[in-house]
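Okay, structure first, notes after.
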Amino acid sequence: MSFIKELNHYIDDFAKDDIPTKVVIGGNLIDRFVPNINASKWNDECWLNINFPQVVTTQLATLSSDTISQSIRDNTHKFYVDPSRRLEYEIVLARKPLIDSFTLIIDFPPGLQFWKQPYFGPAEINAIQPDNIPDSYAVYWNRRNNQYKTGKFCHIYRIKFTDALGRSEWGDQNIDPIAKTWTISDPKGFLQSATYPITIGPNFGYESAGATPSGNVGNTWICQDTTTAVESGTTSLWYVFCSNAGAGATTCKLQFYNDDGTDAGTKNGTQIVASLTGSEAQAWRNWTYNDGILAINTKYWFAENRSADGNFWTYLDAVGAANQSRYGTEAYAAAFADPCVATGNNAVRTYSHYVVFEAPGGLSIPVDNRGMNRGMNRGMNRGMSRIN
């Protein structure tokens, strides 16, 4: 995939999970390229702008082998798309910096939220969390379902430092949504002892699914975070990002629940059985769920119960408020309890589920997963007015 040059910036269109993401590299100034990334989704309704605050005068950017490069004194900024269709932004340091941290400027519309991901041990998820997920950020918009899917805007993966000899170390990162800053730091002193040049490698994924696998044991049900309908309607399809960790067939029961004011309450619609055959890789899959009834401004819960083999894996991010998810043990052969009985607190976890539903008359209506109204600020491709 190649970047397309327009004036002094470059454009690429990512299409992860069928959600187009427009990424503009270089700002929108007429007379110069600057180290800037602007990504937008849902027709610019949501966007994220990232600026590296370094003065640019006459330094030019080059495009070679699908890599954009710009050298500014002791720093070289590189942008390219990796084999996983993620945007790699490399900051290459020619020599030891005066300080061991870098603060970038970010901008975004109200409603975009940044969730730092914790480490999940194997006993917590019955799976191995990828090394680049702890200390990463899951970034979510305040919409869910239909065209917004899970509402996930992007994932900012864990920061890695790599020196000229190929040695590497994980860095730290912290996003302050109030100050609108993104600070990358070196807590282990790698910048002081490594061999230069050193590459700092932020990586951005624009997929809509959670980044941590959840292989919880079978016969375990999970009632996950609430979702709030902004219009009335009837469900038609239930989507799950999932995989089969085994060699044979595996299944998972799915059920929509009403909210009782505190927890999941009575059933809403008829449970369905999602099935996977063979060793199926992670992907979005859907099953018919055509009798869930949604009322405007009303909360609902998703629930799942996996077969005893435990091979039906779903994926999650640590997103949302505490106590938004519940878990418990219930024989897979049994029907979902009605009403639901929440017996455990699964803390801040959002699983990769969403539904498609239709309002009366056949119009597809989005669901807002934070209970906020539609009509948020429409994003624009932000310029580099902060950097001269």
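What follows draws every value from the coordinates through simple rules; no lab data is involved. Here the structure is a predicted model, which means the values were calculated and not measured. Note that we place each Cβ from the backbone using ideal geometry, even for glycine, and neighbour counts take in every protein chain shown.
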Between residue 153 and residues 5 or more places away or on another chain, the pairs with built amide H atoms under 5 Å apart involve 139, 140, 141
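What is the calculated FRET efficiency for residue 283 to residue 72, with r their C-beta to C-beta distance and R₀ = 51 Å, to the nearest 0.05?
Numbers: r = 41 Å, r/R0 = 0.80.
Calculated value: 0.80.
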For 251, 183, 350, ascending order of other Cβ atoms within 10 Å (fewest first) is 183, 251, 350
Highest GNM mean-square fluctuation among 193, 65, 236, for the chain with Cα springs under 10 Å, belongs to 65
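Order these by the 10 Å Cβ neighbour count, fewest first: 217, 24.
In order of increasing Cβ crowding within 10 Å: 217, 24.
Quote the charge dipole size of the chain about the Cα centre in Debye, to the nearest 20; the model charges only the Cβ of Lys and Arg (+1) and of Asp and Glu (-1). Each step should come with its number before you reach the end.
Details: 33 positive and 38 negative charges, 131 e Å.
That gives a dipole near 620 debye.
Taking a ≥ b ≥ c as the square roots of the Cα gyration tensor eigenvalues, with a/c under 1.5 meaning rounded and otherwise prolate when a/b beats b/c, else oblate, which class fits segment 4-205? All intermediate terms of the calculation are to be shown ahead of the outcome.
On the way: a/c = 1.68, a/b = 1.08, b/c = 1.56.
Here segment 4-205 falls in the oblate category.
Would you please give the FRET efficiency between residue 174 and residue 249, computed as 1/(1 + (r/R0)^6) with r the Cβ-Cβ distance and R0 = 45 Å, to the nearest 0.05?
After rounding to 0.05, the efficiency reads 0.55.
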When 153, 52 are ranked with the fewest other C-beta atoms within 10 Å first, the list becomes 52, 153
Ranked output for segments 79-85, 139-145 by mean other Cβ atoms within 10 Å, highest leading, reads 139-145, 79-85
Note, segment 79-85: 3J(HN,Hα) by Karplus (6.51, -1.76, 1.60, θ = phi - 60°), whole Hz, Gly/Pro = x, goes 9, 7, 9, 7, x, 8, 6
Between residue 181 and residues 5 or more places away or on another chain, the pairs with built amide H atoms under 5 Å apart involve 106, 176
